[in-house]
Amino acid sequence: MSNDENKNAASIYEFTVKDTHGNDVSLKKFQGKVVLVVNIASQCNLTKKNYQKLTDLKEKYGDRGLIILNFPCNQFNSEMPEADGEPMVCHLRDSKADIGELFAKVNVNGDDAAPLYKYLKAKQTGTLGSGIKWNFTKFLVNKEGIPINRYAPTTDPMDIAKDIEKLL
């Protein structure tokens with residue numbers, strides 16, 4: 001897809017991404033689910049709190065249809081130094097972070113931003129326009145695959161619970 005096609009996609013289900021081990025994953029796999037897309041980082045000041053709260057969200061709503069898609073990102077102060085694959089899996093396990101699906105490290109800003117992130121930012125702009133300000137920016141996507149809200153890095157994931165409940 002070209003940049004314009006990315007931005008004009010009908011839903012996240014048009015995208016295929018790489019998991020942390022380099023395998024293709026069609027986001028069609030998550031049709032009919034409420035999805036929270038998060039750019040994560042291991043060395044960010046927000047990491048510990050967000051990992052715990054994302055784990056809590058998954059535990060509370062996972063059985064009801066919430067899926068959390070985690071995309072490691074090293075664009076902000078190199079706060080995600082772990083490599084994809086086992087180093088990333090080990091980092092999350094060591095952090096006791098059971099936060100959902102884990103994908104390959106991506107860029108979320110710039111010309112080489114992941115196509116999914118170009119789409120999400122086009123559909124839900126933030127306080128800095130379409131750019132992502134920092135790690136742990138969160139996008140809430142409805143069961144039809146349409147992004148319906150965007151939350152700042154400092155938004156407590158549990159504060160999104162009321163919006164998630166409306167969509168489940």
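Quick one: which residues, 5+ away or cross-chain, put their amide H under 5 Å from the amide H of residue 99? H built at 1.01 Å from N.
Residues meeting the criterion, in which the H sits 1.01 Å from N, do not exist here.
Which entries of 60/166; 96/118; 29/60; 29/96; 18/162 have Cα-Cα distances beyond 24 Å here? It would help to have the intermediate numbers written out before the result.
On the way: 60/166 14 Å; 96/118 30 Å; 29/60 21 Å; 29/96 26 Å; 18/162 30 Å.
In this structure, 96/118; 29/96; 18/162 lie more than 24 Å apart at Cα.
Give a quick list of GluC sites (Glu not before Pro) in the stretch 24-100 that DSSP marks as loop, anything other than H, G, I, E or B, with at most 16 other Cβ atoms within 10 Å. All intermediate terms of the calculation are to be shown ahead of the outcome.
Details: sites: 59, 79, 82; in loops: 79, 82.
When the GluC sites (Glu not before Pro) of the stretch 24-100 are filtered for loop state and at most 16 Cβ neighbours within 10 Å, nothing remains.
What distance in nm separates the two pseudo spin-label positions at residue 125 and residue 52, each 7 Å out from Cα along the beta-carbon direction?
Result: 3.6 nm between the two label points.
Which label marks the calculated value of log10 I(q)/I(0) by the Debye sum over Cα atoms at q = 0.09, 0.10, 0.16 Å⁻¹, given the options [x] -0.29, -0.36, -0.90; [y] -0.25, -0.32, -0.89; [z] -0.34, -0.41, -0.98?
[y]
What do you get for trypsin sites (Lys or Arg not before Pro) in the stretch 78-124 restricted to DSSP loop and a cutoff of at most 16 other Cβ within 10 Å of the site's Cβ? Please list the in-between numbers first.
On the way: sites: 93, 96, 105, 118, 121, 123; in loops: 96, 105.
Within the stretch 78-124, the qualifying trypsin sites (Lys or Arg not before Pro) (loop, at most 16 other Cβ atoms within 10 Å) are 96.
Decide, for the stretch 73-168, between rounded, prolate and oblate: order the square roots of the alpha carbon gyration tensor eigenvalues as a ≥ b ≥ c, take rounded if a/c falls under 1.5, and otherwise choose prolate if a/b is larger than b/c, else oblate.
Values: a/c = 1.76, a/b = 1.22, b/c = 1.44.
Taking the square roots of the gyration eigenvalues as a ≥ b ≥ c, the stretch 73-168 is oblate.
Since every read-out is calculated from the coordinates, none of them should be taken as a lab result. Just so it is clear, the model here is predicted, and its values are computed rather than measured. We place every Cβ from the backbone using ideal geometry, glycine too, and count neighbours over all the protein chains shown.
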